[in-house]
1. Give me a count of the residues in region 113-139 that are closer than 16 Å to Tyr153 by Cβ and of a type in the set (Asp, Glu).
2. Return a yes/no flag: does region 140-155 have any residue that is under 13 Å from Glu86 (Cα atoms) and of a type in the set (S, T, N, Q).
3. Could you give every pair whose Cβ atoms fall below 7 Å, whose first residue belongs to region 83-106 and is more than 12 Å from Pro146 (Cβ to Cβ) and among the acidic types (Asp, Glu), and whose second residue is part of a strand (DSSP E or B) and open to solvent by 10 Å² or more (accessible area, probe 1.4 Å), counting only separations of at least 6 or pairs across chains?
4. Could you check region 73-117 and list, in sequence order, the residues that are open to solvent by less than 50 Å² (accessible area, probe 1.4 Å), of a type in the set (Asp, Glu) and more than 22 Å from Trp162 (Cα to Cα)?
5. State the number of residues belonging to region 4-23 that are more than 16 Å from the chain's Cα centre (by Cα) and open to solvent by less than 70 Å² (accessible area, probe 1.4 Å).
6. All but one of (1) in contact with a helix residue (DSSP H, G or I) (Cβ under 6 Å, 6 or more places away or on another chain); (2) of a type outside the set (Gly, Ala, Ser); (3) open to solvent by less than 10 Å² (accessible area, probe 1.4 Å); (4) without any contact (Cβ under 8 Å) to a residue 60 or more places away in the chain hold for Asp70, so report the exception by its number.
7. Any residue that is surrounded by fewer than 19 Cβ atoms within 10 Å (Cβ to Cβ), of a type in the set (A, V, I, L, M), farther than 17 Å from Gly68 by Cβ and without any contact (Cβ under 8 Å) to a residue 40 or more places away in the chain - is there at least one of those in region 140-148?
8. Taking interchain pairs and intrachain pairs at least six residues apart, which have beta carbon atoms under 7 angstrom, with the first residue in region 10-25 and under 17 Å from Val174 (Cα atoms) and the second at pLDDT 95 or above and open to solvent by 40 Å² or more (accessible area, probe 1.4 Å)?
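The values are calculated or read from the model by the stated rules, or taken from the named source; none is laboratory data. Keep in mind that what you see is a predicted model, and the values were worked out from it rather than measured. Positions of Cβ are backbone-derived with ideal geometry, glycine not excepted, and every protein chain shown enters the neighbour counts. Only protein heavy atoms, including side chains, enter the accessible area calculation; ligands, DNA and RNA are left aside. Shrake-Rupley method; radii C 1.70, N 1.55, O 1.52, S 1.80 Å.
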Amino acid sequence: MRQIILASASPRRSALLRQVGLEPVVEPSHVQEVITGTVPAEVVQELSRQKAADIAGLHRGEDVIVLGADTVVAADGRILGKPRDEEEAVRMLCLLQGRSHQVYTGVTMIDCAADDALQTFAEETDVHFYPMTEAQIRTYVATGEPMDKAGAYGIQGRFAAWVRGIDGDYNNVVGLPVARICQELFRWDANGRV
């Protein structure tokens, strides 16, 4: 398997790649993210392309694959990113509690050795929450866990107590649909590019 460069500082994404036997080199993108749309699946693909292209530009011609990713939570088509502060985290969780919403992760893979051959896709997972009181929400927010997470919750952390179920890829909600990534890499391998 060729070297994978992860254009993200997310420890969750690195851990998910290692879980499936990939050992990424971590080179976080510091590109200024520019969103030009409002459709969640399109937004995450656009942002993942920006991040991957930023790092791929540093590795043109090298025998590496750069992987960029971006995750958002959406309720009723409205994108919820990472909360700016605790009050925004409370507002997001008040909106999500007791109902279903979607998590979208966009992934872009760029093959730097193949004239920057590119593959971009978005994965969607439906997540269903139990009802929560405002006091429960505020107690959770006070842990600090939601502050660096899209939609203000971490399914793999304390918030698991309120997740009724999911339809789709659990790892997508954590931040990276590794099974889909592996399938795409296998397809590239079949074409002699991995």
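1. Selection size over region 113-139: 2.
2. Yes, region 140-155 contains at least one residue that is under 13 Å from Glu86 (Cα atoms) and of a type in the set (S, T, N, Q).
3. So the pair list comes out empty.
4. Selection gives Asp111, Asp116.
5. 4
6. In the conditions (1) in contact with a helix residue (DSSP H, G or I) (Cβ under 6 Å, 6 or more places away or on another chain); (2) of a type outside the set (Gly, Ala, Ser); (3) open to solvent by less than 10 Å² (accessible area, probe 1.4 Å); (4) without any contact (Cβ under 8 Å) to a residue 60 or more places away in the chain, Asp70 misses (3) alone.
7. No, there is no match, as no residue in region 140-148 is surrounded by fewer than 19 Cβ atoms within 10 Å (Cβ to Cβ), of a type in the set (A, V, I, L, M), farther than 17 Å from Gly68 by Cβ and without any contact (Cβ under 8 Å) to a residue 40 or more places away in the chain.
8. Ser14/Val26
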